[in-house]
Structure formats: structure tokens, C-alpha cells
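Since the structure comes first, as C-alpha cells, the remarks are kept for the end.
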Amino acid sequence: VTLTYPTPVTDINIEEMKALVERGPDQYPGARWVEFPDRRVDLSKMDEHKREAVAARLLMYAKKGGQPAIVGRQMKDGDMVLMNRQVSLLLLLI
């Protein structure tokens, strides 16, 4: 299981997000999926050329006034993670 962090694409991070999408899920750091307002794309089922085409469309919806694309990028050093651990009970039967 690879943990991903959903990151909205902006003018500030567009170059980084394009590089992650083009790299795909098999090279670290990369991206596993991209969510556009109308559909979600699984990058593991695409070759390099298709991932480049997806990367080129990252800002398309935001430029038209719509919601930005969201990139499911792999976790990297410095990302904040909140973990919850359930309480474990130990029962001793005598």
C-alpha cells in the first residue's frame, strides 16, 4: 500500500505536480492518480506518453473558472500524518 496525499494543483505548484504525474506511481516520488472535476484517472494503467498528456491538462479546468485538478502524490519527508491507534485490551483468564 502506498500512502498518497491529495494535493490541489495551483499556479505555484504546477511544475512539481506535472513532474510527479509524468513520473507515475513506479518512480519515487511520483503520483498514483489525478482527479479532475468530471473523473478520476489511475496513472498506474498508463504509459509515459499518456501520463504526459494528463500532466498537460492539470490546470485546464482551473483556468476556465472550475475546480482545480487534485493529484494523489506519494508521501514524502516533511508531510504531516495523523495516526489513530485503537486501544488494545488484554484479557487474562484465570
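Between helix 14-23 and the chain there is an angle of about 70 degrees, using the helix long axis and the longest principal axis of the Cα atoms.
Roughly how many Å² is the accessible area per residue of the chain, as a whole number, for a 1.4 Å probe?
That works out to 76 Å² for each residue.
ARG23 contributes an accessible area of around 80 Å² to the protein surface, as traced by a 1.4 Å probe with all chains present.
Given the choices (i) 14.5, 49; (ii) 12.1, 37; (iii) 17.6, 70, Rg and Dmax of the Cα atoms in Å derived from the coordinates of this structure is entry (iii). Using θ = phi - 60° in the Karplus curve 6.51 cos²θ - 1.76 cosθ + 1.60, the 3J(HN,Hα) couplings for segment 70-78 round to 10, 9, x, 8, 5, 5, 9, 4, x Hz; x is entered for Gly and Pro. With contacts taken as Cα pairs under 8 Å at a separation of at least 6 residues, segment 14-65 carries a relative contact order of 35 percent.
A simple charge model with +1 on the Cβ of Lys and Arg, -1 on the Cβ of Asp and Glu and nothing else charged puts the dipole of the chain at about 260 debye relative to its Cα centre.
For segment 60-69, backbone phi angles converted through the Karplus equation (6.51, -1.76, 1.60; θ = phi - 60°) give residue-by-residue couplings of 4, 6, 5, 5, 8, x, x, 6, x, 5 Hz, Gly and Pro being listed as x.
Near the amide H of GLY24, within less than 5 Å, lie the amide hydrogens of ALA31, all on another chain or at least 5 residues away, with H placed in the peptide plane. Counting only DSSP H runs of at least 4 residues, each contributing -39500 (n - 2.57), and dividing by the residue count of the chain, the helix-based mean residue ellipticity at 222 nm comes to -6500 deg cm²/dmol.
Positive contributions from Lys and Arg (+1) and negative ones from Asp and Glu (-1), summed over other residues with Cβ under 15 Å from the Cβ of MET75, come out at +1. For ILE70, tell me the accessible area in Å² from a 1.4 Å probe, rounded to the nearest 10. Rounded to the nearest 10, the figure is 50 Å². By accessible area, using a 1.4 Å probe on protein heavy atoms only, the chain has 55% of its surface on carbon and sulfur. Under the criterion of Cα pairs below 8 Å and six or more residues apart, the relative contact order for the chain equals 36 percent. If you take all other residues with their beta carbon under 11 Å from the beta carbon of GLY30, and give Lys and Arg +1 and Asp and Glu -1, the sum is +3.
The values are calculated or read from the model by the stated rules, or taken from the named source; none is laboratory data. Not measured: the values here are computed from a predicted model. Every residue, glycine among them, receives a Cβ derived from its backbone with ideal geometry; neighbour counts consider all protein chains shown. All accessible areas refer to the heavy atoms of the entire protein, side chains included, with ligands and DNA or RNA removed. Shrake-Rupley method; radii C 1.70, N 1.55, O 1.52, S 1.80 Å.
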